[in-house]
Each structure stands twice: as C-alpha cells, then as structure tokens.
Amino acid sequence: GGTPPTLNRRYLLSPAPRPIANMSTPPRPNNMKMSEAHASIEGRDSKARPSLFGVTQLSTRRLRSNSGAAIPQDFLSDMSPAEINSVAPPAPVYKIVLTGGPCGGKTTSLARLSPYLRERGFEVITCPEAFSLLVSNGMPFDYLGAVEGMDNVVQDTVMDMQIGLEDSFERVLRARGKPAVLLCDRGLMDGSAYMSHEAWDRLLAKRDIQCVSELREGRYNAVFHLVTAAEGAEPFYTLENNAVRTETPELARKLDIMTRNAWVGHPNLKIFDNSTDFERKMQRVVDETARLVGLPTHMQRITTKFLLKQNPDLGAFPEDVTYQIFDVEKVYLYEEDISSENISDEYSFIRKRTTINKDGNGAGSVYGWTAVQKTHEGQVIERKRIITKREYNSLFNSRDKSRHIVNQKRISFLWNIQSFTIHEYLQPVSNICILHAQVRASPDRASHDGEVSIPPFLEVDKKLMTHSEEDERYGAHHISMKH
C-alpha cells in the first residue's frame, strides 16, 4: 500500500540531446583509444572542413549533456564510447511520429518502414503508444470516468510514459553510433485531441511547459498523419486489428480532425489521405520517409506557391479552422564551394521560429539548421536538423553579412485535408505575402497530387510556377541579397 512516489516531471521533460547537423562522419572504430575519442570530439571544430553536410561544418558542435550544457573535461575520462555517443552522436537520429485517426494505417506503416530502413543501413526502434500499453496491461476504459478528474490523470500518466519511452529509446540509438530512426506510435501532442483546451492548458502549466513547440517541432523531425479510413475509404473501416479501439466511423472522423489539428504548426506535418488505394498510401509514407532521411525516392517534394493580393485577415478565417502564428528569423551562412559535379548550387541557413500566443506575445522559440543542394536536373535536396539556442547564437555570429536577415510572420493551418503556410515578409521587404501549399507529385499520379484546394478566405493574385525565375524572385534566398 501507500502513496506512489511523485514523478520528477522536470527530469522527464528534459529532451535527449539532438543531432546538430547531417552527421555523416562514420562511427569510431571499436579499438579507438579513449584519449583519441576525446580528442576527436573536442577537436572537431578546428579540423579541416569537409563538404557542406559534414559534421564539422557546424563550428558549434560540442559534447553536450542531456540539458545541453557542456560536459567538463574531467568527466570524459569516466565515459565509455557508448556514453560519449549518447550525448554527442556521430550519426543522425531521426524521430518520426506516426499518428492519425483509427484505422488509418499506422500499424501497417510501422511494419513497412522498419524493414525498409534496416535493409538500407539504418538502426530502427519503434516506440509503442503509451495509452495502448496502459489498456493492454489491465487498465479498463471505465477508469476514465470512475473518479472526477481521472481522465486528466490518465493523460498526465500517458505523457510521463511517452516521454520516458521516447527518451530512453533515443538514448540507446544515439549510443549505438549509427544512422538511426525512432518511429513513434503517436506523439506527445496527440493527448491534446482527447482533452478540453482548459484541461490541456492546466496540464502544460503543471509541467511548467511554457510553449507547445517544446512538445512539437522542438522534439520531432516529422509528423506523418494517416487519415482514418472512415474519411474517404469508408468500406474499409474496421477495428478488428486493434482491440484497444472501439470508435464508430462518425467518432473516428471527429478524432481524426482533432488529432490533425493538434499538430498544426509543425513545419514538417505530412498528411496522407485516402485519395489513392491503401497500397499506394503506404508507398507514399515510405517515399516520404526516404526523402526525409536522404534515401533515393521517385517522389519529389513540391511546394506550390501563390502570391496573395494582400496580407490575410485572420478574422475571415472560419471558426473551425485551427491556425498557429509564428515569427521567423532566417539567417544565411557563408556558402561553401560546390561539393559535387552533380550540384549546381548549395547553401545553408539557420532559423529561429517563435510561437506567438493568443495575446500576441512570443511564447517560446525552437531553432533549426537547413542545408540546400540544387542539382543540374532541377531537383532540390534539403537536410534539416534541430539545434539549440546556444548553437544558433554561435552560428549567427558567422552569418553571411552580404545578405539581409529575413524576418517573416507565418500562419500555419489546414484546409480540406491539406497543409498551408502563409509567409508574410516583414524585413528586408514588407509588401510580399506568399501562400505555400504542401502537395506531392509521383510519376503515376502527378496530375492529381498537384491539385490544390485554395482556401476561399484568401485572395490569390497568381500562382508562382515551380523553379521559375518568378518563383526564385519571391524566395527568401533571393530577397536576402543586398543590392
């Protein structure tokens, strides 16, 4: 008997260290001496710099603890190679959330992605859904209403479990020292779909979470939302493969919308609807994963852009359209020499993304690093990494001073099961507003995937043709140039 021990939530919320760049440096040999390992880590800043995507490209790379603080040299002698890897990983670890409504294909996607990635050299661990673990191990559904406030206690517990599982699995993958992918069966933001706004806000306040970006883009590289079969593939809606789920088709559609809205604001939110048959839906998930981790794929990323006549009026947005507002600071770094004969242009930039709350104030920032390569065939290849505030500030000091710092206001929202972001330029220009619509084009369905459902509450001036001179002229890379 007795009262269970209080969980140290502040510890549980400390994210595991994140990769800083596309860390392509091969793992250290097992026979490397500890002193050589320490020298390898501490000396990376001063060594000759390889191509744009090499580990030493980011001069701020340091051995970090889980909190992001530098580890004193005295402690290095007590650390094994695996422990050093866990805090300064020599290879990238990608963290992908698979979410969506009931019977959307999550279980099948997880089963497809694991062998696909392993066969191509990645270490893979699947993080199970915390709520399903509770139910499958004896917690009945009637617990949720057994005592007043019990549902919120369960969601609090689910978050504890999810954080602990994800951080533990990620630490193991980092210690392994090889390129890896952590596939998460749902993520931390999913809990908000099953709680009222007031209860969710109380839960965040209880955990001292200042901004949801900590649980969203600050934690995961990408979010894949698989739309329930009850939305567009009704004859195939079934719950026979998941004993934990009991939703009717109507409830499944409602939960799908709520889950979708929970992740609005993540810059890499990908929605997989039921416009194709199930097998092609699964292939789209595989192709998007391949693109994210840098594997060859026939699917090309297409961002269809539209020049808006004027800045959007948020008051004209329908009440059922959830949106998130961000202030974005984009800073271009000095460009390196072209690293390959197949590349026509390459550059990199850092970005600070600050969430703006309902009062119009900044509520927390996340930081990222992006490297872009353009091939002679017109393909654009991007590599993205989450970085810390300290790393951002260090890179900011080595920015390309021949370019302006670009400031934008961004509005992210969903419309007709498509993801949109409005880029409203603030500096160095203030009279340009671009609508970005995320679509996909594959060889067998290019015409359909390129369709965009324009929100009727926005006024479009014209479409900007992909890779055209006009498209380039309205891009941040061009606008940042000092004339």
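The values are calculated or read from the model by the stated rules, or taken from the named source; none is laboratory data. Not measured: the values here are computed from a predicted model. Neighbour counts are summed over all protein chains in view; Cβ atoms, including those assigned to glycine, are modelled from backbone coordinates with ideal geometry. Heads up: the accessible areas ignore ligands, DNA and RNA and are worked out on the full protein's heavy atoms, side chains in. Shrake-Rupley method; radii C 1.70, N 1.55, O 1.52, S 1.80 Å.
Data table
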| item | result |
| --- | --- |
| Potential lengthening between Thr157 and Ile405 on full extension [0.36 nm per residue; Cα-Cα distance subtracted] | 85.0 nm |
| Computed accessible area, Phe396, all protein chains, 1.4 angstrom probe, square angstrom | 50 |
| Residue-by-residue Karplus 3J(HN,Hα) for the range 87-92, coefficients 6.51, -1.76, 1.60, Hz, glycine and proline x | 9, 9, x, x, 9, x |
| Computed accessible area, His477, all protein chains, 1.4 angstrom probe, square angstrom | 30 |
| Other-chain or far-sequence residues with amide H under 5 Å of Leu269's (modelled H) | Val223 |
| Burial order of peptide ranges 401-409, 102-110 (average beta-carbon count within 10 Å, highest first) | 102-110, 401-409 |
| Computed over the range 326-393, Cα set: Rg, Dmax in Å | 15.0, 50 |
| Too-long pairs where the Cα-Cα distance tops 24 Å, listed order kept, from Lys95/Lys281; Lys358/Lys384; Lys178/Lys384; Lys270/Lys401; Lys270/Lys389 | Lys358/Lys384; Lys270/Lys401; Lys270/Lys389 |
| Loop GluC sites (Glu not before Pro), the range 123-213 (other Cβ atoms within 10 Å of the site Cβ: 16 or fewer; DSSP) | Glu148 |
| Gap separating the Cα centres of the range 91-163 and the range 457-483, nearest whole Å | 40 |
| Solvent exposure ordering (accessible area, 1.4 Å, most first) of Phe272, Phe141 | Phe141, Phe272 |
| Virtual paramagnetic centre 7 Å along Cα→Cβ of Val460, amide N under 13 Å, in the range 305-333 | 305-309 |
| Area accessible to solvent at Asp160, 1.4 Å probe radius, in Å² | 10 |
| Sequence of Met159, Met465 when ordered by accessible area, the most exposed leading, probe 1.4 angstrom | Met465, Met159 |
| Förster radius 41 Å - calculated FRET efficiency between Asn311 and Arg202 (Cβ-Cβ, nearest 0.05) | 0.75 |
| Whole-angstrom Cα spans of the range 196-276 along principal axes, big to small | 44, 25, 19 |
